[in-house]
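Taking it in order: structure first as structure tokens, then the write-up.
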Amino acid sequence: MSFVRCMKCRECGREVPVRPQAICEGCFGPLELKYDYEAIGRAVRRSDLANRPASMWRYRELLPTGTDRPVGEEVGFTPLVPAPRLGKALGIRSLFLKNDAVNFPTLSFKDRVVSVALTQAREFGFKVVGCASTGNLANAVAAQGVRAGFETYILVPEDLETLKIIGTAVFGSRLIAVRGDYDQVNRLCSEIAFTYDWGLVNVNLRAFYAEGSKTQGFEIAEQLGWKLPAHVVVPMAGGALIGKVAKAFEELSRLGWVDERRVRFHGAQASGCAPITTAVKQGWDEVRPVRAHTIARSLAIGNPADGYYAMQLIRSSGGWGEDATDEELVDGIRLLAETEGIFSETAGGVTVAVARKLVAQGRIGGDGPVVLCITGNGLKTAECVASCARPTATINPRLEEFRKVVDGASGNEVETEVEAADSGREISTATDVNATPVRETLA
Ligand SMILES: *Cc1c(COP(=O)(O)O)cnc(C)c1O
Ligand SMILES: [Zn+2]
């Protein structure tokens, strides 16, 4: 049973029945779903959740369709990982990582939004679904689309990371590579939505899609023992996720499932595409579109649909917006990997690098739990770290050669010249055994 009462324009307040439409006809403002929280409060108690499966659908009353047979029943409830080593390196006393790099089925937080959007698409009776994507959304729509029996059309910029292309096409979807950047792909997708009777998850189904992001917030609170954190650092592309984590915390407070607390929302972007954080820093009252140039492709949206609301939230919560250069984000990926054993994609590198800056600026650190949202998996963007993540040494299968490497590791830097006696070949291995840990290069 759905507890959604209507869709409501965020700008003029006009209410319309639930339908596949994202924009208010009166003022072109975004439509948002309105729930009946009193009815939800009567229908479910916090303690009921304990008996439900460990997936994002344990919060189904707070999601659009309310069904218990959704598309993507297994998505979500990813680990909230304590990160003491990274916390020490950054100077944060109580640090946690919300690890959507291991989300099911396609290793990013986008599995959440797609699960909700396709569940709703099925309810609306769409046979064909699609999206405009910076990569992760493409993977998620392709994988979940095929599982749910939809025909899928997926549009991406043609120069996306190879593994995001492969990780979409492998599911047999119709993958359309567009010569243009994401913002052009998105514009084309809006035209497609007007032309075909299809469910485009981040266009005409955007209001439902975005609700899926709330589940990351619900899980963070539940996994902290039904408490809200003091700070959250969220990577921003279109700016929806950060706002929906905030909405999730508000809903939980309203239901009395958590004690109210001031949560500071900090937004992270790549310096090469930072329209939202620039607006925050400059004190602008609007977000000015930019042309994206960054290796953080998943965040490369120059004209973010929810940028204005993200900026407002960051300001009103007492948080801040920061950005990280491509070099800083690669250091962030390595620092996270070297301290906590988590290999994140470029977006996670941005988040870690931005958290570092926020500590240096005295904005986060000692006053309660800090959560970093790690939203995607490093294996999809491995080429970004390929040049700095290489074997310590290459040897022949002989103990004495191995021993040289180990002995060298106790010194500072070694240059191992190994004579390959049996092959007659000389293998020259420049070994950088004790490569300076990123921890130190960053400090
Ligand atoms: C899409 C995406 C985001 C940002 O999501 P928005 O809701 O568009 O701000 C963050 N991280 C990753 C890995 C993503 O794919
Ligand atoms: Zn309106």
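The values are calculated or read from the model by the stated rules, or taken from the named source; none is laboratory data. These figures come from a predicted structure and were not determined experimentally. Cβ placement follows ideal geometry from the backbone for every residue including glycine, while neighbour counts extend to all protein chains displayed. The area values use the complete protein model at the heavy-atom level, side chains included, leaving out ligands, DNA and RNA. Shrake-Rupley method; radii C 1.70, N 1.55, O 1.52, S 1.80 Å.
If the requirement is being closer than 27 Å to T351 by Cβ, hydrophobic (A, V, I, L, M, F, W, C) and open to solvent by 10 Å² or more (accessible area, probe 1.4 Å), which of these qualifies: A177, A240? Before the answer, list the steps.
Numbers: A177 fails: closer than 27 Å to T351 by Cβ.
Result: A240 is the single residue among A177, A240 that is closer than 27 Å to T351 by Cβ, hydrophobic (A, V, I, L, M, F, W, C) and open to solvent by 10 Å² or more (accessible area, probe 1.4 Å).
Looking at the stretch 277-309 only, could you name the residues that are of a type outside the set (G, A, S), within 11 Å of ligand 1 (Cβ to nearest atom) and within 20 Å of E327 (Cα to Cα)?
Hits for the stretch 277-309 are R297, L299, I301.
Just name the residue that is nearest to L188 (Cα to Cα) out of those in the stretch 147-169 that are under 22 Å from the mean Cα position of the chain (by Cα) and aliphatic (A, V, I, L, M).
Here the residue is L155.
Step by step: first the residues of the stretch 22-32, then only those that are out of contact with any helix residue (DSSP H, G or I) (no Cβ under 7 Å at 6 or more places or on another chain) and open to solvent by less than 30 Å² (accessible area, probe 1.4 Å), then the one that is nearest to ligand 1 (Cβ to nearest atom). Which residue is that?
Here the residue is G29.
F104 - would you say it is more than 26 Å from N303 (Cα to Cα) and of a type in the set (F, W, Y)? Full working, then the answer.
Values: more than 26 Å from N303 (Cα to Cα): yes; of a type in the set (F, W, Y): yes.
Answer is yes for this residue.
Taking only pairs six or more apart or across chains, which ones have beta-carbon atoms under 9 Å, a first residue in the stretch 42-55 that is open to solvent by less than 90 Å² (accessible area, probe 1.4 Å), and a second residue that is of a type in the set (A, V, I, L, M)?
A43/M1; V44/L62; V44/L255; S55/V75
Determine whether the stretch 288-301 contains at least one residue that is assigned by TED's automatic domain parsing to the domain that holds G349 and within 30 Å of I40 (Cβ to Cβ).
Taking the stretch 288-301 as the starting set, the residues that turn out to be assigned by TED's automatic domain parsing to the domain that holds G349 are 288-301.
Now restrict to residues that are within 30 Å of I40 (Cβ to Cβ): none.
No, that holds for no residue.
List pairs: first residue in the stretch 8-21 and small (G, A, S) and at pLDDT below 95, second residue within 15 Å of ligand 2 (Cβ to nearest atom) and not in a loop (DSSP other than H, G, I, E, B) anywhere in the structure, Cβ distance under 7 angstrom, at least six positions apart or on different chains.
Partner pairs satisfying both residue conditions: none exist.
How about the stretch 264-313: which of its residues are farther than 21 Å from A132 by Cα and touching a His at 6+ places or on another chain (Cβ under 7 Å)?
Correct list: R264, H266.
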